[in-house]
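Chemist: Below are the structure tokens for one structure; questions will follow.
The values are calculated or read from the model by the stated rules, or taken from the named source; none is laboratory data. Quantities reported herein were computed from a predicted structural model and do not represent experimental measurements. Cβ atoms come from the backbone with ideal geometry, glycine included; neighbour counts cover every protein chain shown. Surface areas here come from the heavy atoms of the whole protein model, side chains and all, with no ligands, DNA or RNA. Shrake-Rupley method; radii C 1.70, N 1.55, O 1.52, S 1.80 Å.
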Amino acid sequence: MDKQTVVVLFGGRSSEHSISSATAGGVLGAIDRDRYSVIPVGITREGAFVLEDDDPAKFPLDAAHLPEVVDNGTRVLWPEPGGDRTLRVVQVDGSVVGLGAVDVVLPILHGQHGEDGTIQGYFDTLEVPYAGGGVLDSALCMDKHFMKIALQAAGISVAPWVTVRRADWERDAADVRVRAAALGLPLFVKPARAGSSVGVSKVEGADELDAALAVAFAEDDKVLIETGVSGREIEVAVLETAEGVRASLPGEVVLTSRGFYDFEGKYLGGDGVDVICPAELTEAETAAIQEAGLRAFEAVDGRGLARVDMFLTPEGTLVVNELNTMPGFTPISMFPKCWVASGLSYGELITELVEAGLRR
């Protein structure tokens with residue numbers, strides 16, 4: 001069987017550049033080399049597409065030195081629509097080398113310019129198949145304000161919130177404080193368009209609101225203030241397969257001493273948080289969580305994959321917190337853990353993603 005060529009695309013211009021690069025290390029090490037030929041393409045923090053080394057060890061998840069894509073002087077030239085799918089690279093000496101025809105791109109990009117529909121639209125324009133979310137679901141889920149509106153319209157419970165734009169805060173901070181106070185305590189303040197808990201703060205007193213907004217506004221001009229939901233923090237992985245859309249066994253984030261599931265807890269193995277999959281749930285709870293995950297995926301017109309995060313309240317209510325259309329694939333990330341617990345290995349999970357992209 002002829003191998004199909006997969007471009008593994010990673011890095012990017014967002015604040016989640018290093019997490020994307022670390023995910024690439026895992027993917028490059030686990031992708032089925034008997035089935036696929038791999039071309040690693042990195043995006044520098046400045047936005048340049050460069051030909052990267054096909055070396056998983058170059059991109060370890062090391063808390064002391066997070067990996068990144070460095071500009072090596074090469075430039076990748078993507079195929080033009082209507083022509084062949086040959087990927088080319090301009091070498092440092094200016095010569096142009098063909099790397100072969102691309103069958104599909106696997107964009108493991110997190111955050112803006114990668115998980116927000118922009119790169120998806122770019123590949124749609126180039127007529128290059130790609131794995132993962134499409135333009136609409138990526139854009140919707142990147143913007144937590146519109147994601148909540150879409151979920152509410154589908155009858156799915158979400159935490160009460162107010163959306164605050166920087167201009168609102170600068171024009172009438174007192175009004176914002178009043179609107180936030182109506183939501184009660186604790187609150188969570190988060191950028192509308194950032195992921196991996198970047199810029200997120202937990203507010204347990206009214207005097208903490210201003211500082212939390214400053215942190216969030218450093219990431220985005222639009223910020224959400226949400227009511228803190230009391231309940232178990234549950235996550236379920238959704239995957240588009242040849243047999244249809246499936247939901248994994250749910251996992252649970254258990255906070256032991258950390259205030260919330262922040263960047264360090266998610267990616268750097270920080271103390272105070274345990275990621276457990278499968279979660280200890282009844283059969284009825286598991287079925288309800290899986291159904292809620294599939295409904296949320298459908299509500300945003302999901303494609304490829306998503307991780308659906310929700311709370312299971314003491315009363316048994318499910319409140320969806322967010323969907324992530326390109327969840328982390330690091331060794332301690334929930335998405336691969338949930339699929340491994342459901343009987344799908346890390347390598348098989350990557351194959352499912354690639355094959356879904358090839359079917360488009």
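Chemist: Which of the peptides 26-32, 231-237 is most tightly packed, and how do the rest follow, going by the mean number of other Cβ atoms within 10 Å of each residue?
Modeler: Values: 26-32: 19.6, 231-237: 23.4.
Descending mean neighbour count gives 231-237, 26-32.
Chemist: Taking the 0 to 90 degree range and rounding to the nearest ten, how far is the long axis of helix 283-299 tilted relative to the main principal axis of the chain, both from C-alpha atoms?
Modeler: The two axes meet at around 70 degrees.
Chemist: Run the Debye formula on the Cα coordinates of the chain, all scatterers equal and no solvent, and tell me log10 I(q)/I(0) at q = 0.06 1/Å.
Modeler: With one equal scatterer per Cα and no solvent, log10 I(q)/I(0) is -0.22.
Chemist: Accessible area per residue for the chain in Å², computed with a 1.4 Å probe and the full protein assembly in place, what is it?
Modeler: Working: 14810 Å² over 360 residues.
Per residue, the chain has 41 Å² of solvent-accessible surface.
Chemist: Within straight cross-link reach of Lys337, meaning Cα distance under 13 Å, which aspartates and glutamates are found once same-chain residues fewer than 8 apart are removed?
Modeler: Straight-distance partners of Lys337: Glu235, Glu252, Asp274, Glu348.
Chemist: About the Cα centre of the chain, how large is the charge dipole given +1 on each Lys and Arg Cβ and -1 on each Asp and Glu Cβ? Please answer in debye to the nearest 20. Spell out each step's value before the answer.
Modeler: On the way: 30 positive and 55 negative charges, 81 e Å.
The calculated dipole for the chain is roughly 380 debye.
Chemist: Related question: When the chain is fully extended, how far beyond the present Cα-Cα distance does Arg177 get from Glu291, taking 0.36 nm per residue of separation?
Modeler: Working: separation 114, 0.36 × 114 = 41.04 nm, distance 3.66 nm.
Difference between extended and current length: 37.4 nm.
Chemist: Rounded to the nearest 500, what is the chain's calculated 222 nm mean residue ellipticity when only DSSP H runs of at least 4 contribute -39500 (n - 2.57) each, over all residues? Kindly include the intermediate steps, with their values, before the conclusion.
Modeler: Working: 11 runs with 108 residues, N = 360.
Result for the chain: -8500 deg cm²/dmol, rounded to the nearest 500.
Chemist: Moving to a separate point now. Along the charge dipole of the stretch 279-326, which of Phe311, Gly293, Asn324 sits closest to the positive end, that is, farthest toward it, with unit charges on the beta carbon of Lys, Arg, Asp and Glu (+1, +1, -1, -1)?
Modeler: Asn324
Chemist: Hey, another quick one. State, as an integer percentage, the relative contact order of the chain based on alpha-carbon contacts under 8 Å between residues 6 or more apart. Kindly include the intermediate steps, with their values, before the conclusion.
Modeler: Details: 821 pairs, mean separation 62.3, N = 360.
Reported relative contact order: 17 percent.
Chemist: To continue, here is another question. Mind pulling the angle between the C-alpha long axis of helix 346-358 and the longest principal axis of the chain? Nearest 10 degrees, somewhere in 0 to 90.
Modeler: 70 degrees
Chemist: Next question. Evaluate the relative contact order of the stretch 17-112 (contact order divided by residue number), counting alpha-carbon pairs under 8 angstrom at least 6 apart; express in whole percent. List each step's numbers first, then the result.
Modeler: Working: 143 pairs, mean separation 24.3, N = 96.
Computed over the stretch 17-112, the figure is 25 percent.
Chemist: I'd like the carbon and sulfur percentage of the solvent accessible area for the chain, probe radius 1.4 Å, heavy atoms only, ligands and nucleic acids excluded.
Modeler: On the way: 7400 of 14810 Å².
Reported share for carbon and sulfur atoms: 50 percent.
Chemist: Still on this structure: What net charge do the residues around Glu252 carry, taking every other residue with its C-beta under 10 Å from that of Glu252, with Lys and Arg at +1 and Asp and Glu at -1? Could you put the intermediate results ahead of the total?
Modeler: Details: positive: Arg232; negative: Glu233, Glu235, Asp274, Glu280.
Cβ neighbours under 10 Å give a net charge of -3.
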